[in-house]
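What follows is a set of notes on a single structure, which appears directly below.
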Amino acid sequence: MVANFTLGFASHRTLFAVLWIVGFVSLFAWQRNLIDGFWAVRVDSEMEIPALRPVVFNLTDFGGVGDGRTLNTAAFEKAVAAIAKLRGKGGGQLNVPAGEWLTGPFNVTSHMTLFLAENAVILAVQDEKYWPLMSPLPSYGYGREHHGPRYGSLIHGQHLKDVVITGHNGTIDGQGAVWWQKHRQRALNYTRGPLVQIMWSSDIHISNITLRNSPFWNIHPYDCKNITITYVTILAPIYGAPNTDGIDPDSCENVLIENCYISVGDDGIAIKSGWDQYGIAYGQPSTNIVMRNLVVQSNVSAGISIGSEMSGGVSNVLVENVVVWNSRRGMRIKTAPGRGGYVQHITYRNLVFDKVRVGIIMKTDYNEHADDGYDRKAFPIIRNISFIGVHGRGVRVPVRLHGSDDIPLRNITFKDMSVGITYKKKHIFQCAYVQGRVIGDIFPAPCDNLDRYDEQGNLIKRSISQNITDVDYDF
């Protein structure tokens, strides 16, 4: 059974490795000043490898049929019920063999491992009548896309401990095309459901699987602690698959996301913590999050975002060793008046942008609200954010920092930046209401809002005005 937790070298793992090597070698071969520890990054509090289970079941033991036509919801439910009885004995493992296992949504349980064998595919049933309705998320008010109930996720769990979803690169396929079409046609009455959603739980481990074609967000941990997501491939069409975010930690604490390949129709990763007055009242931040060794494509949105639903606060985040390619934006922080909360103590390190329209963007007028009851004077705090080691090619606008009089950007730092540009315009490092500093020489030349320091930390030039505005949204 130890082999169940070894890495599978399937096609997406190979693609990840190739893009990782090509992205970093081709873009950094000419760089001579790499940051110390570039290839050997450590996190002080590593997550433990999940324990093997004392009892193992196969889905076929409960009547499962992997022919792609037979509905297996009852088989999954029976299997989970059998494992739930083993909670006091270390739990159990459910093996999903090779085949196509059509199912409606089902719950997992504590001390459970869901293991997808090579060539195993869990197929989501497309008819929404099989998808149960749930109450809106408490930090989102009346609902995310529609007021009222929301559809549950394909794989769901609440108030759990010690849940593992892993395998030999088996697949969870949401068959989302029908949902995307109905969403565009405004034919749905409720918010679409994610592919995997675990709520109010701890010690969650997701690894060595592929998720594709989610109806909505792919992986959505909500108000959870101690989450590891590693060696996961997440795929959706880069156009025409609305809101198929890859991974959305939402009001979560102690999160590690690493060694993943994500190509989707919205944000690759989006850190969230509630929406407007509902998120403020819920009051649960997202904090202590590490994202590293990632390759991400997002032609519609951004590789990695914070917000815009960040009303509970986001802090202590490290993003490092990330390639964003063929995308609309690289790194984005988005918020607005009414959000409240804060985004602070964020470090971005060793980023590569390859054919990205806007590399780094902070936007403070993302005016999408839960309802009209938000507090117009609930201004978020954006501060203490560092970008160290940012490189790339084919980038139209490397930096756009759009603060405002009500939401200024404070203590923003840039060091070791060299980005090849494609847009021959004078102002391509754009700023408004920004206070911060540049350490050493960077390219392109920074905006005048930022103080200039040499490599030794000596002040060279003080900013004339932090409120200078030079932001262009014509492209």
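Counting only lysines at least 8 places from residue 161 when in the same chain, those with an alpha carbon closer than 21 Å to its own are 78, 85, 89, 225. Computed extension gain for residue 182 through residue 69, at 0.36 nm per residue and net of the alpha carbon distance, reaches 38.4 nm. Where the alpha-carbon atoms of segment 347-475 are placed on the principal axes, they occupy 47, 33, 26 Å, in descending order.
Counting only cysteine Cβ atoms and a cutoff under 4.7 Å, the chain contains unmatched residues 224, 252, 260.
Between residue 159 and residue 316, the FRET efficiency estimated from the beta carbon spacing at R0 = 35 angstrom works out to 0.90. Measuring nothing but protein heavy atoms, the accessible surface of segment 166-256 at 1.4 Å probe radius is 46 percent carbon and sulfur. With all protein chains in place and a 1.4 Å probe, the accessible surface of segment 301-397 carries 43 percent carbon and sulfur.
In this simple spin-label model, placing a label point 7 Å from the Cα along the Cα-to-Cβ direction at both residue 377 and residue 404 gives a separation of 1.6 nm.
The packing ranking of peptides 448-457, 273-282, highest mean first, is 273-282, 448-457, where packing means the average number of other beta carbon atoms within 10 angstrom of each residue. By a straight-distance test (C-alpha under 18 Å), which lysines pair with residue 377 as possible cross-link partners, with residues fewer than eight away in the same chain excluded? Straight-line reach from residue 377, under 18 Å: 334, 363. Evaluated at 37 °C with a viscosity of 0.692 mPa s, what Stokes-Einstein diffusion coefficient in µm²/s does the chain have when Rh comes from the Kirkwood expression over alpha-carbon pairs? Using the Kirkwood radius from Cα pairs, D works out to 144 µm²/s. Measuring spread by the Cα atoms of segment 251-369 yields a radius of gyration and Dmax of 13.5, 40 Å.
Note that the chain presents 39 Å² accessible area per residue, ligands and nucleic acids not counted, probe 1.4 Å. The amide H of residue 202, built 1.01 Å from its N in the peptide plane, has 160, 161, 162, 225 as neighbours under 5 Å, considering only residues 5 or more places off or on other chains. Using just its DSSP H runs of length 4 or more, each adding -39500 (n - 2.57), the chain gives a mean residue ellipticity at 222 nm of -3000 deg cm²/dmol after division by all residues. When peptides 73-85, 218-230 are ranked by their average number of other Cβ atoms within 10 Å per residue, the highest-first order is 218-230, 73-85.
The values are calculated or read from the model by the stated rules, or taken from the named source; none is laboratory data. This one's a predicted model, so the numbers in the text were calculated from it and none came from an experiment. For neighbour counting, all protein chains shown are included, and Cβ atoms are generated from backbone atoms with ideal geometry for every residue, glycine included. To get the accessible areas, we keep the full protein, side chains included, count just its heavy atoms, and leave off ligands, DNA and RNA. Shrake-Rupley method; radii C 1.70, N 1.55, O 1.52, S 1.80 Å.
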